[in-house]
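To keep things clear, I will list the structure first and then write my remarks on it.
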Amino acid sequence: MTDDGDVREDLSLPDGDIGNEIKAKFEKDESLLVSTSSSQGLSKVIIELTNTLK
């Protein structure tokens with residue numbers, strides 16, 4: 001989400017273990033939280049965190 005609460009749809013799924021874990025949790029409809037880093041107008045998913053809030 002953006003700071004305004006809008007959904008971000010312009011991020012690519014990262015390669016490797018992080019991307020595989022995100023995809024697996026998404027397919028199981030599990031709750032997850034990802035962190036992104038932005039620089040020079042580009043954003044990238046850098047970490048996936050287990051969302052323990054219910």
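Scan the stretch 31-40 for residues that are assigned to a strand (DSSP E or B) and in contact (Cβ under 8 Å) with a residue 12 or more places away in the chain and the total you get is 5.
Glu9 falls short on exactly one of the conditions (1) at pLDDT below 80; (2) among the acidic types (Asp, Glu); (3) out of contact with any Leu (no Cβ under 7 Å at 6 or more places or on another chain), and that condition is (1).
Can you name every residue in the stretch 10-30 that is closer than 28 Å to Gly41 by Cα, in a loop (DSSP other than H, G, I, E, B) and of a type in the set (Asp, Glu)? The answer is Asp10, Asp15.
The values are calculated or read from the model by the stated rules, or taken from the named source; none is laboratory data. Quick caveat: nothing in here was measured; it's all calculated off a predicted structure. Note that each Cβ is placed from the backbone with ideal geometry, even for glycine, and that neighbours are counted across all protein chains shown.
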